[in-house]
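What follows is a short report on a single structure.
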Amino acid sequence: MPDDERASLGDRLNMAYKGTVVTLGRGEGLVVATGMGTELGRIATLLQGAHGTRTPLQRRLARFASQLAVVVLVVCAVTFGIGVLRGEPPVLMFLTAMSLAVAAVPEALPAVVTVSLALGAKRMVTRKALVRRLPAVETLGSVTFICSDKTGTLTQNRMAVATVRPPPIDDAALTFDGPVQPEAELLRAMALNSDATISTDGLVEGEPTEAALLEYVHASGTSVLHVRHRHPRLAELPFSSERGRMSTLHSGVGPGTMLVMKGAPERVLDHCVQVLRNGVVSAMHREVVDRTTQAMAAAGLRVFAFAIRQECDVDPAVLTAESETGMTLVGLVGLLDPIRPEAAAAVAECASAGIHVVMITGDHPATALAIARQLSIVAAQASDVVTGDALAQMDDATLRELVAGARMYARVAPEQKIRLVRALQARGEVVAMTGDGVNDAPALRQADIGIAMGMAGTDVAKEAADMLLVDDNFASIVAAVCEGRRIYDNIRKFVKYILTGNSAEIWVLLLAPLFGLPVPLLPIHILWINLVTDGLPGLALAVEPAERGVMRRPPRPPGENVLADGLWHHALWVGLLMGAVSLGTLAWAVHIGTAHYRSMTLTVLALSQLGHALAIRSDRESLVSVGLWSNPLLTLAVVGTVLLQLATLHVPALARVLKTEALSGQELLFCFAMSTVTFVAVEGGKVFTRHRTSGER
């Protein structure tokens, strides 16, 4: 064990922990901690101290609700005061003000948010992401940092041969360009010096590393069973951490026996005197071989050296370490946990979406750095890896500065993962953290959204997480982020729709008295509009498909208000336009002397809001481009609401309850024409926006 008692767990070589699996051998141990003093106990303490935070959506909606409450109270008071000053009955104005308050408050918002999150959670299941806590659905859309583990999430969590190298005889071997055909002697050594087994149909079983070596031999076309039958094992010196190598004795090609060795290069090379390359035996240059193995290790490979001693006179009954002499190096093999095929594309998509991917692992820095380079998490020339030892020396202020630019952490302890999450959150970032082990649970709970592995994850990690990856795949996180962004966009569309319609109603009631017009709407009319226009169309906006380019824009700032990015400007000018069109209808109806002025005003206001719902399906694209039937529920909701509005005018029972009158054909045509003004204006605004942004490029 290193002298520094603060060494990371991966570097404590003489320690064993609860849950450790002993595969072979024997030994004695001294208990140094029990209960909460153990590593598992320390993790339990960290888990109790980690607290989840409110989601960005919850914070935004809470701020929006408080602001809206103040505005509604002021508007209701002003409406009541103006009406009373004009001589309207106080009771009527009180009812009007109360009806306006009901209309101004988007009471359908909680239902829309819940439905959006529930449907989003259902869609995420098809994308291999299982949501355990509903608010986490939207949180994914606000994520700015994804802190990912390496093994099993970005990689396949299995060993595989990445490269084989013949024994180097000069520094040209330091380049690894192109595949190399292994020599027969190396394949024979890999087949013989292995405790893994293989069936006649090629099924390999055994320890992961040895199984990976045997799978490579089988894939190369060499019959492992034939080689083993021809050279049966006579004796062996098993692998141990002290020896760092394994030797097996077999029947030789000719007379005598054959000794095969496999192990760490520095341990095997100590017993080699020559090399076999291209069928030619030559002297071994140790410094050249060392440089080659170091270059392979720097590439993140786990390197094994293989050596053979042909026609030796070793007696199987007396095979000892002294027999391991005069070996011939036949090749170097580099193994790697392969990267998931879709991981690189997923990381690139995160980059285009403005999301920073950070790798946090307990693995060796060199291995982690090699994977991070291949995935473009760090630059190809990057060499900086922040280790757990370095983190232990940092104060919180220094760490907050570091996390802004660091993308690679290795040999990290559980409490350090929490520190990293808290440091990012202190900078205002929205953090997603992945993990599968017990030691990941505290950080999963502390993160804005904890993501546990559904296949390899422990029960503790799953319980602490907000979401489970059914396939343990990083690409599933990216798909879930896209879904989260879609959900938040749809919630904003509903807020835009509802606020614009409500502001139009407020403008109509406020401005009509100032222009000397009669009260345009009765309390029952306000409640009716609030019921039909906020209901079905509003809910249908919750299932709007994702807009094109949703993953090619940066995440919204965590502290951003739900009304930001021009939403309140839109609600103001479009609501004012909608109110002006309705007041124009009212003035025209009064001018021609029709008694149906309230019914006409009600119809124009209701139909204008429906046209607005169709126009705001996209902030940039026209309704023609989006497609009328890309959201069939909204189209059906609009058609159904139009029919309901017509029923209030022409069905006598409804007309009596809602105090409306039937309109003539000319009046209906006028109302439909006036209600298209808002739709045309919003679509025209999008044309202007597209031309302006294209000009800026």
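The values are calculated or read from the model by the stated rules, or taken from the named source; none is laboratory data. Bear in mind that the values here come from a model prediction, so they are computed numbers and not experimental data. Note: ideal-geometry Cβ built from the backbone for every residue, glycine included; neighbour counts use all protein chains shown. To get the accessible areas, we keep the full protein, side chains included, count just its heavy atoms, and leave off ligands, DNA and RNA. Shrake-Rupley method; radii C 1.70, N 1.55, O 1.52, S 1.80 Å.
Here's the yes/no breakdown for (1) open to solvent by 50 Å² or more (accessible area, probe 1.4 Å); (2) aliphatic (A, V, I, L, M); (3) modelled with pLDDT under 85:
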| position | (1), (2), (3) |
| --- | --- |
| 477 | no, yes, no |
| 506 | no, yes, yes |
| 523 | no, no, yes |
| 535 | no, no, yes |
| 551 | no, yes, no |
Qualifying residues in region 147-172 (those that are more than 40 Å from the chain's Cα centre (by Cα) and surrounded by 14 or more Cβ atoms within 10 Å (Cβ to Cβ)) - the one modelled with the lowest pLDDT:
169
Residues being open to solvent by less than 40 Å² (accessible area, probe 1.4 Å) and more than 17 Å from residue 217 (Cα to Cα): count how many of those fall in region 310-339.
12
Please work out which one of (1) touching a residue at least 40 places away in the same chain (Cβ under 8 Å); (2) open to solvent by less than 50 Å² (accessible area, probe 1.4 Å); (3) out of contact with any helix residue (DSSP H, G or I) (no Cβ under 8 Å at 6 or more places or on another chain) is the condition residue 210 fails and give its number.
(1)
Would you say residue 298 is open to solvent by less than 50 Å² (accessible area, probe 1.4 Å) and under 41 Å from the mean Cα position of the chain (by Cα)?
no
Condition met for residue 677 (hydrophobic (A, V, I, L, M, F, W, C), touching a Gly at 6+ places or on another chain (Cβ under 9 Å), within 23 Å of residue 504 (Cα to Cα) and open to solvent by less than 50 Å² (accessible area, probe 1.4 Å)):
no
Pick out the one residue from 201, 195 that is open to solvent by 50 Å² or more (accessible area, probe 1.4 Å), part of a loop (DSSP other than H, G, I, E, B), modelled with pLDDT of 90 or more and farther than 30 Å from residue 355 by Cα.
195
Please name all residue pairs, on different chains or six or more residues apart, with Cβ atoms under 7 Å, provided the first residue is in region 106-132 and is over 20 Å from residue 60 (Cβ atoms) and assigned to a helix (DSSP H, G or I) and the second residue is among the aromatic types (Phe, Trp, Tyr) and open to solvent by 80 Å² or more (accessible area, probe 1.4 Å).
none
Please tell me if residue 253 is loosely packed, with under 14 Cβ neighbours inside 10 Å and among the aliphatic types (A, V, I, L, M).
yes
